[in-house]
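Heads up: the structure comes next, in structure tokens.
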Amino acid sequence: MKILKKFLLLSLAITLTCGLGACKDKNNNTDSEKITLVLDWTPNTNHTGIYVAAEKGYFTDAGIEVEVVQPPEGGAEMLVGSGKAQFGISVQDGLAPAFAGENALPVTAVAALVQHNTSGIISRKGEGMNTAKGLERHKYATWDSPVEKATIKQVMEAQGGDFSKVELIPSTVTDEVSALRNKSVDAIWVFYGWAGIACRVAGVETDYFHFADIDEVFDYYTPLLIANNKYLEENPETVRAFLSALSKGYEYAVENPDDAADILMKYAPELKSNPELIYESQKYLSAQYVAECDRWGEFDPERWAGFYKWLNTLDILEEPIDPYKGFTNDYLPYE
């Protein structure tokens, strides 16, 4: 399940090489290390630290040239796993199938872009869907993913609800504001930091609940940064330099959300059509990038494993996975 891929993906790559890195390392005038980073969707406030790191010269200082590209229809995981890209943005729930079975992808999560799962269900205010049980007899926009439906079932049952009473509507939602206004659906799975803020900015009154507030097993990591395993093994210092530059970008966004939003819109000018959304979303997410942790990017092993332990009880993966598999904190900066 890849929540941000419910939209129609763009087919063209966004190549920002001279903006996201340097053509030469200013310090020694040798060729800089080239890195390809695959997004999970079009540029948004989940990605702000990337563009801040470019604008502030953090990649340049690290001797790195970064090419940012849009994901193919199959997602960033396939490009990174095949070695065609060194890094990509993914989500922990979407990675589960990639870690299972004989065809497991050789990728590892190396940094959490956001510390907590900020996703949940949004609905029109006052229609009874402010709780998971309230989804009964309402239209929910589904991607028909086993993990997705198991999540909804779990949170509903935790509040005494019956998942079989939900009307599942195949999702064609590309704009949550319009979908709620025209009543094509009643409830939508969203990341609050984007779609929830968009509804608020547009003046749509909503109810909302976080999955993680109902069951802590859903406080998994989304979105996160993955890397190709062979690249990690062969280029550990470059990986550390890249993550150090990236952490500076996100830390700057934590302290300077408005300026960070301006930088994001500079690199993704299409976002200027709704600047209020970008500023408000950035304020929300700037408090989420690090949250209560000591440093950006760090994974809590028990929180990571908790979600996969739950998945292993459902019999929906090709085979059970090691719940502690697939992530590392070893490449994060300590200073």
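The values are calculated or read from the model by the stated rules, or taken from the named source; none is laboratory data. For clarity, every value in this text was computed on a predicted model and none was experimentally measured. Every residue, glycine among them, receives a Cβ derived from its backbone with ideal geometry; neighbour counts consider all protein chains shown. For accessibility, only protein heavy atoms count, side chains too; no ligands or nucleic acids. Shrake-Rupley method; radii C 1.70, N 1.55, O 1.52, S 1.80 Å.
What whole-number value in Å² describes the accessible area per residue of the stretch 216-335 for a 1.4 Å probe? Can you show the working numbers first?
Details: 5650 Å² over 120 residues.
Computed with neighbouring chains in place, this is 47 Å² per residue.
For the chain, the share of DSSP beta bridges that are antiparallel, to the nearest 5, is 60%.
How would the stretch 243-335 be classified by its alpha-carbon gyration tensor: rounded, prolate or oblate, with rounded meaning a/c under 1.5 and the a/b versus b/c comparison settling the rest? Taking the square roots of the gyration eigenvalues as a ≥ b ≥ c, the stretch 243-335 is prolate. Once C-alpha pairs closer than 8 Å and six or more residues apart are averaged by separation and normalised to the residue number of the chain, the relative contact order reads 25 percent. Neighbours of Glu102 by Cβ distance under 11 Å: Lys/Arg scored +1, Asp/Glu scored -1, total -2.
Per-residue Karplus couplings for the stretch 106-121, computed as 6.51 cos²θ - 1.76 cosθ + 1.60 with θ equal to phi - 60°, are listed in order as x, 10, 9, 6, 10, 6, 8, 5, 10, 6, 10, 6, 9, 8, x, 10 Hz, Gly and Pro entered as x. Going by a ≥ b ≥ c, the root eigenvalues of the Cα gyration tensor, does the stretch 185-305 fall in the rounded group (a/c under 1.5), the prolate group (a/b larger than b/c) or the oblate group? In terms of gyration-tensor shape, oblate. Taking Ile197, Ile188, Ile316 in turn, the Gaussian network model of the chain (Cα-Cα springs below 10 Å) assigns the largest fluctuation to Ile316.
Step by step: find N for the chain, compute 2.2 N^0.38 Å, then divide the Cα radius of gyration by it. What's the final number?
Working: Rg = 19.6 Å, N = 335, 2.2 N^0.38 = 20.0 Å.
Against the compact-globule rule of thumb, the ratio is 0.98.
For the pairs Lys125/Lys272; Lys34/Lys84; Lys34/Lys56; Lys84/Lys248; Lys34/Lys248, note any where the Cα-Cα span goes beyond 21 Å.
Details: Lys125/Lys272 28 Å; Lys34/Lys84 12 Å; Lys34/Lys56 18 Å; Lys84/Lys248 26 Å; Lys34/Lys248 19 Å.
Beyond 21 Å: Lys125/Lys272; Lys84/Lys248.
Per-residue ellipticity at 222 nm from helix content only, as computed over the chain with -39500 (n - 2.57) for each DSSP H run of at least four residues, stands at -9500 deg cm²/dmol.
Restricting the calculation to Cα atoms, the stretch 31-178 yields a radius of gyration followed by a Dmax of 19.2, 61 Å.
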